[in-house]
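The next block holds one structure in the form of structure tokens; read it before the comments.
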Ligand SMILES: CC(C)(COP(=O)(O)OP(=O)(O)OC[C@H]1O[C@@H](n2cnc3c(N)ncnc32)[C@H](O)[C@@H]1OP(=O)(O)O)[C@@H](O)C(=O)NCCC(=O)NCCS
């Protein structure tokens, strides 16, 4: 079933998202390239929504008909690094390849610099084997700055990560 991209919305998480959250957050295909582990218990997931997602400075549920099919987050750094924030996102497996992550990222770009006017730079660190995510960033207008070699431990080992940035003065691609 093709998704009408204009029906994609972003909104804060709610505790009532638990069932929909479990669909994608308990899927190893979705979490493979993520730094967090696959959720296996509803209790653990509920605690995570309550303690991490809801209080997060800018984490949105990517929704279709107001039901959560993924997330996108923009997490500002602290102290002297307050000018930048790190972007992360994921989409439920059954919706991959329909432009939803790109749409959600463009929607986020259109509001985060207003919501957090102190931000000048967004960045994303992507496993170099995660070609779909690199493509999402490129389609939204992020610039690839290089590769951080053997940068961090992901599920498949210590990985090289591509670093992408988008500045508040950059243009969102059509
Ligand atoms: C990465 C992810 C968010 C992409 O979501 P999506 O809604 O499928 O993304 P889009 O449809 O907007 O765009 C995907 C693009 O990647 C391309 N792509 C997919 N797999 C690819 C591959 N193996 N090699 C090259 N390009 C690929 C698609 O063709 C598409 O590009 P196109 O529009 O030019 O054809 C989704 O796969 C996901 O949730 N993955 C798990 C979590 C994750 O990796 N998050 C990012 C961590 S940095």
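Could you check the simple spin-label distance between residue 86 and residue 65, using points 7 Å along Cα→Cβ, in nm with one decimal?
It is 3.5 nm.
When the chain is fully extended, how far beyond the present Cα-Cα distance does residue 94 get from residue 139, taking 0.36 nm per residue of separation?
Working it through step by step, the gained length comes to 14.1 nm.
Full extension from residue 174 to residue 153: what is 0.36 nm times the residue separation minus their Cα-Cα distance, to one decimal in nm?
4.1 nm
Most fluctuating residue of 37, 47, 80 in a GNM of the chain with Cα springs under 10 Å: which is it?
Sorting by GNM fluctuation, first place goes to 80.
For region 111-145 and region 42-91, what is the separation of their C-alpha centers, rounded to whole Å?
Centre-to-centre distance over Cα atoms comes out at 15 Å.
Neighbouring Cβ atoms within 10 Å as the yardstick, rank 93, 13 fewest first.
So the ranking, lowest neighbour count to highest, is 93, 13.
Hey, rough spin-label estimate for residue 34 and residue 132, points 7 angstrom out along Cα→Cβ, what's it come to in nanometres?
About 1.3 nm, to one decimal.
Add -39500 (n - 2.57) for each DSSP H run of 4 or more in the chain, then divide by its residues: what number comes out at 222 nm, to the nearest 500 deg cm²/dmol? Provide the component values of the computation, followed by the final result.
On the way: 5 runs with 45 residues, N = 174.
Mean residue ellipticity, 222 nm, calculated: -7500 deg cm²/dmol.
Sorted from largest to smallest, which semi-axis lengths in Å does the alpha carbon gyration tensor of region 5-167 give for its equivalent ellipsoid, taking the root of 5 times each eigenvalue?
The answer is 23, 19, 16 Å, longest axis first.
Stretched out fully, how many nm does the piece from residue 7 to residue 78 gain, at 0.36 nm a residue minus the Cα gap?
22.1 nm
For the chain, modelled as a GNM with alpha-carbon contacts under 10 angstrom, which of 150, 106, 75 fluctuates the most?
Looking only at 150, 106, 75, the biggest GNM fluctuation is shown by 150.
Fewest to most neighbouring Cβ within 10 Å: what's the order for 31, 169, 38?
The order, fewest Cβ neighbours first, is 169, 38, 31.
If each of residue 115 and residue 51 carries a label point 7 Å out from its Cα toward its Cβ, how far apart are those two points in nm?
A separation of 2.3 nm, rounded to one decimal place.
Since every read-out is calculated from the coordinates, none of them should be taken as a lab result. Only a predicted model underlies this, so the values are computations on that prediction, with no experimental measurement involved. When we count neighbours, we look across all protein chains shown, and the Cβ atoms used for this are built from the backbone with ideal geometry, even at glycine.
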